[in-house]
1. Take every Cα pair under 8 Å in the range 17-114 that's 6+ residues apart, average their separations, divide by the length, and report that relative contact order as a whole percent.
2. In µm²/s, what is D for the chain at 37 °C and 0.692 mPa s, where D = kT/(6 pi eta Rh) by Stokes-Einstein and Rh is the Kirkwood radius from Cα pairs?
3. Quick check: the distance between the Cα centres of the range 45-114 and the range 11-27, to the nearest angstrom?
4. Over 18 Å, how big is the tail of the calculated P(r) for the range 44-91, in percent of all Cα pairs?
5. Where both partners of a DSSP beta bridge lie in the chain, what percent of those bridges are antiparallel, to the nearest 5?
6. Can you give me the % of accessible surface on the chain that is carbon or sulfur? Probe 1.4 Å, all protein chains present, nothing else counted.
7. Straight-line reach only, C-alpha to C-alpha below 25 angstrom: list the lysines that Lys43 could link to, leaving out same-chain residues fewer than 8 apart.
8. For the ranges 15-25, 55-65, 98-108, what's the packing order if you count other beta-carbon atoms within 10 Å of each residue, average per peptide, and put the highest first?
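The values are calculated or read from the model by the stated rules, or taken from the named source; none is laboratory data. Computed from a prediction, not measured in an experiment: that's the story for all the values here. Using ideal geometry, Cβ is built from the backbone for each residue, glycine included, and neighbour counts are taken over all protein chains shown. The area values use the complete protein model at the heavy-atom level, side chains included, leaving out ligands, DNA and RNA. Shrake-Rupley method; radii C 1.70, N 1.55, O 1.52, S 1.80 Å.
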Amino acid sequence: QVQLVESGGGLVQAGGSLRLSCVASGSLFSIDVMGWYRQRPGKQRELVARIFRGGLTNYADTMKGRFTISENNAKDTVYLQMDSLKPEDTAIYYCNAYTSVDYWGQGTQVTVSS
(Lines give C-alpha, C1' and ligand atoms only; values in the text may rest on other atoms or scores of the structure.)
Protein backbone atom coordinates (compact mmCIF):
# COMPACT_ATOMS: atom_id res chain seq x y z
CA GLN A 1 0.00 0.00 0.00
CA VAL A 2 1.14 3.51 -0.84
CA GLN A 3 -0.40 6.75 0.36
CA LEU A 4 0.11 10.01 -1.51
CA VAL A 5 -0.56 13.55 -0.34
CA GLU A 6 -0.23 16.48 -2.72
CA SER A 7 0.18 20.13 -1.87
CA GLY A 8 1.18 23.39 -3.52
CA GLY A 9 -1.71 24.14 -5.83
CA GLY A 10 -3.36 27.52 -6.01
CA LEU A 11 -4.19 30.52 -8.14
CA VAL A 12 -1.48 32.14 -10.25
CA GLN A 13 -1.38 34.59 -13.11
CA ALA A 14 -0.33 33.52 -16.59
CA GLY A 15 3.46 33.46 -16.85
CA GLY A 16 3.85 32.65 -13.17
CA SER A 17 5.18 29.59 -11.40
CA LEU A 18 4.01 27.01 -8.90
CA ARG A 19 5.71 24.09 -7.23
CA LEU A 20 3.68 21.02 -6.37
CA SER A 21 4.80 18.46 -3.82
CA CYS A 22 3.73 14.88 -3.31
CA VAL A 23 4.69 13.03 -0.15
CA ALA A 24 4.55 9.26 -0.37
CA SER A 25 4.31 6.87 2.55
CA GLY A 26 3.85 3.16 2.98
CA SER A 27 5.58 0.56 0.82
CA LEU A 28 8.00 2.95 -0.86
CA PHE A 29 10.37 0.15 -1.85
CA SER A 30 7.73 -1.24 -4.20
CA ILE A 31 7.33 1.95 -6.23
CA ASP A 32 8.65 1.71 -9.78
CA VAL A 33 7.46 5.06 -11.11
CA MET A 34 6.07 8.24 -9.64
CA GLY A 35 4.43 10.91 -11.67
CA TRP A 36 2.06 13.77 -12.08
CA TYR A 37 -1.12 13.69 -14.09
CA ARG A 38 -3.74 16.36 -14.60
CA GLN A 39 -7.39 16.57 -15.48
CA ARG A 40 -8.55 19.71 -17.18
CA PRO A 41 -12.24 20.66 -17.17
CA GLY A 42 -14.15 18.44 -19.57
CA LYS A 43 -11.03 16.44 -20.47
CA GLN A 44 -9.62 13.04 -19.61
CA ARG A 45 -6.79 12.66 -17.15
CA GLU A 46 -3.44 13.03 -18.91
CA LEU A 47 0.20 12.49 -18.13
CA VAL A 48 2.27 15.51 -17.18
CA ALA A 49 5.60 13.98 -16.16
CA ARG A 50 7.04 10.81 -14.64
CA ILE A 51 10.20 9.86 -12.83
CA PHE A 52 11.35 6.26 -12.82
CA ARG A 53 13.36 4.33 -10.28
CA GLY A 54 16.91 5.29 -11.15
CA GLY A 55 15.97 8.86 -12.01
CA LEU A 56 14.95 8.71 -15.65
CA THR A 57 12.23 11.23 -16.46
CA ASN A 58 9.79 11.80 -19.25
CA TYR A 59 7.32 14.56 -20.02
CA ALA A 60 4.26 15.15 -22.10
CA ASP A 61 5.26 17.16 -25.16
CA THR A 62 3.24 20.22 -24.19
CA MET A 63 5.00 20.42 -20.84
CA LYS A 64 8.59 19.97 -21.98
CA GLY A 65 10.75 22.96 -21.14
CA ARG A 66 8.18 24.47 -18.79
CA PHE A 67 7.69 21.77 -16.15
CA THR A 68 10.36 19.89 -14.21
CA ILE A 69 9.82 16.75 -12.14
CA SER A 70 12.27 15.87 -9.38
CA GLU A 71 12.50 13.88 -6.18
CA ASN A 72 14.25 14.25 -2.86
CA ASN A 73 17.13 12.10 -1.70
CA ALA A 74 14.89 10.00 0.50
CA LYS A 75 12.77 9.14 -2.56
CA ASP A 76 9.60 9.86 -0.61
CA THR A 77 8.72 13.23 -2.10
CA VAL A 78 8.23 14.15 -5.72
CA TYR A 79 8.05 17.72 -6.92
CA LEU A 80 6.64 19.36 -10.01
CA GLN A 81 8.09 22.78 -10.77
CA MET A 82 5.77 24.54 -13.17
CA ASP A 83 7.02 27.68 -14.92
CA SER A 84 5.58 29.90 -17.63
CA LEU A 85 2.10 28.76 -16.70
CA LYS A 86 -0.73 29.25 -19.18
CA PRO A 87 -4.47 29.42 -18.62
CA GLU A 88 -4.77 26.05 -20.37
CA ASP A 89 -2.69 24.52 -17.56
CA THR A 90 -5.67 25.03 -15.27
CA ALA A 91 -6.51 21.57 -13.93
CA ILE A 92 -6.58 19.28 -10.96
CA TYR A 93 -3.11 17.80 -10.64
CA TYR A 94 -2.81 14.28 -9.28
CA CYS A 95 0.22 12.48 -7.93
CA ASN A 96 0.59 8.87 -9.02
CA ALA A 97 2.73 5.98 -7.82
CA TYR A 98 2.92 2.74 -9.73
CA THR A 99 3.93 -0.57 -8.24
CA SER A 100 1.94 -3.31 -9.87
CA VAL A 101 -1.04 -1.15 -8.96
CA ASP A 102 -1.74 2.53 -9.53
CA TYR A 103 -2.04 4.70 -6.44
CA TRP A 104 -3.43 8.22 -6.59
CA GLY A 105 -3.43 11.24 -4.37
CA GLN A 106 -6.51 13.32 -3.77
CA GLY A 107 -5.47 15.99 -6.25
CA THR A 108 -4.60 19.66 -5.95
CA GLN A 109 -6.24 22.44 -7.92
CA VAL A 110 -4.11 24.70 -10.09
CA THR A 111 -5.82 27.72 -11.61
CA VAL A 112 -4.01 30.01 -14.03
CA SER A 113 -5.68 33.33 -14.73
CA SER A 114 -5.17 35.26 -17.94
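1. 32
2. 235
3. 8
4. Value for the range 44-91: 30 percent of Cα pairs lie more than 18 Å apart.
5. 90
6. Carbon and sulfur atoms account for 49 percent of the accessible area of the chain.
7. Those lysines meeting the cut-off are Lys64, Lys86.
8. Result, highest mean Cβ count within 10 Å first: 15-25, 98-108, 55-65.
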